[in-house]
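Since the structure comes first, as structure tokens, the remarks are kept for the end.
The values are calculated or read from the model by the stated rules, or taken from the named source; none is laboratory data. Every value quoted in this text rests on a predicted model; they were computed, and no experiment measured them. Every residue, glycine among them, receives a Cβ derived from its backbone with ideal geometry; neighbour counts consider all protein chains shown.
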Amino acid sequence: MHRIITAFVLSYFLFNAVAWAEEAETSGSVRKDLEINLDAGVSKHFGFTKYQIGGLWTGIDGIYPYWFPISELKFPIDTWMFNGNLSISIFKVLTVESNVKKSFVPKSGKMKDSDWTLPGLRTILSESDNRVKAVTSDSGILATLFSAGPFSFRLGAGFLYQNFDFSCSNVVQVDSSGPYPSVIALGGKGITYRVEYYIPYAETRPVFSFMNDKLVLTAGFKYSPYNWAKDVDDHILRGKLNKGSAKGNKTLMGLFNMKYMFDSRVYLTVGADYIYIITNKGHQKQYYYYSLYNLSSWSSLFPGYNGKLQNKYESRQISVNFGVGYSIGIL
């Protein structure tokens, strides 16, 4: 949190410095009937995505009721990302936007794998070095419903897609299920995991414009009554492949952005986004395959479909964004 506060303090002084530098200049609004804004920058991403499994097991060995959860895997998303934004404003009434982000720092904290051998009793905890490749895209369209002085109110809809690809290695596991705790450490890659989120949403966005539209402050709230998640989890050391999916009815997103436009139509931006995703319970199907790491297991000798049980996804994310761009007024 202190890193986010520091970023906004620096941004505050940056924008004041820009305003002081241009205080003596006189210019009109750079807004046009058709305006294209294109910017690029970097984002610092914080947060996690996780899934839980449990509930009713239906497999080749029978049907068994388990508690929920019996297992949880939590993957941190702590990385830097490139971001690019394109927006087109038409007659100051209709705005079309598109944003893309891609990570460029793979190291991302420790993945935590927890198991509950009894309801509410976590007895096994593993940690692994975590690396992530992330790609997200967010596109939408907004209409200005009304304007009054420096204030305008926009309403719109959009679609968010997220893809996180993790690789986990060097696992250390602490097992306290027996009379004496045990510790196991294994080197090398142990798990690969990919999760995708698909989220349509509605958005409200108040906008405040000052200094002839040179300084623009934007806040926004996005809500989705529907989301869909799917994942693939490869436990390499066990020769086990899990494929899951689930749908949900709640995604909450918030945003804040400051933009300052120079007379040359070059502009600076700084802002932050928050995302909370949670699904209802879906299903995870489990398969075994031949593995040199697990030849002594009967499941490795008889690969294929093993069964399914319930799953659930959750993710919380914060990103702090910095960018520089150029605005083209055509009409």
Looking at the range 212-231, which of its residues are more than 12 Å from A157 (Cα to Cα) and surrounded by fewer than 15 Cβ atoms within 10 Å (Cβ to Cβ)? N212, A219, P225, Y226
Give the range 143-152 a look and list any residue that's in a strand (DSSP E or B) and surrounded by 14 or more Cβ atoms within 10 Å (Cβ to Cβ), or say none. T144, S147, S152
Would you check which residues across the range 189-231 are part of a strand (DSSP E or B), more than 21 Å from the chain's Cα centre (by Cα) and among the hydrophobic types (A, V, I, L, M, F, W, C) and list them? V207, F208, F210, L215, V216, L217
Candidate set: the range 49-79, residues that are surrounded by fewer than 16 Cβ atoms within 10 Å (Cβ to Cβ) and part of a strand (DSSP E or B); chosen: the one nearest to the chain's Cα centre (by Cα): L56
For the structure I just gave you, tell me whether K44 is touching a helix residue (DSSP H, G or I) at 6+ places or on another chain (Cβ under 9 Å), touching a residue at least 40 places away in the same chain (Cβ under 8 Å) and either among the charged types (D, E, K, R) or part of a loop (DSSP other than H, G, I, E, B) (or both). yes
What about A157, is it among the hydrophobic types (A, V, I, L, M, F, W, C), modelled with pLDDT of 95 or more and surrounded by 14 or more Cβ atoms within 10 Å (Cβ to Cβ)? yes
Please verify whether D263 is at negative phi, touching a residue at least 24 places away in the same chain (Cβ under 8 Å) and not in a strand (DSSP E or B), treating the condition exactly as stated. yes
If the Cβ limit is 8 Å and pairs must be 6+ apart or interchain, which residue in the range 274-293 that is within 18 Å of S245 (Cα to Cα) pairs with which residue that is in a loop (DSSP other than H, G, I, E, B)? N280/N249; K281/F68; Y287/P303
Checking Y201, Y193, Y197 in turn, the sole residue that is in contact with a Ser or Thr (Cβ under 6 Å, 6 or more places away or on another chain), of a type in the set (F, W, Y), buried (at least 17 other Cβ atoms within 10 Å of the Cβ) and in contact (Cβ under 8 Å) with a residue 24 or more places away in the chain turns out to be Y201
Quick one: in the range 92-108, of everything that is out of contact with any Phe, Trp or Tyr (no Cβ under 9 Å at 6 or more places or on another chain) and assigned to a strand (DSSP E or B), which residue is nearest to G188 (Cα to Cα)? K107
Within the range 165-188, identify whether any single residue is under 24 Å from K101 (Cβ atoms), over 22 Å from the mean Cα position of the chain (by Cα), at pLDDT 95 or above and part of a strand (DSSP E or B), and answer yes or no. no
Subset tally (residues that are surrounded by fewer than 17 Cβ atoms within 10 Å (Cβ to Cβ) and of a type outside the set (S, T, Y)) for the range 128-142: 3
Please indicate, with yes or no, whether at least one residue in the range 124-132 is closer than 27 Å to G187 by Cβ, assigned to a strand (DSSP E or B), over 18 Å from the mean Cα position of the chain (by Cα) and touching a residue at least 60 places away in the same chain (Cβ under 8 Å). yes
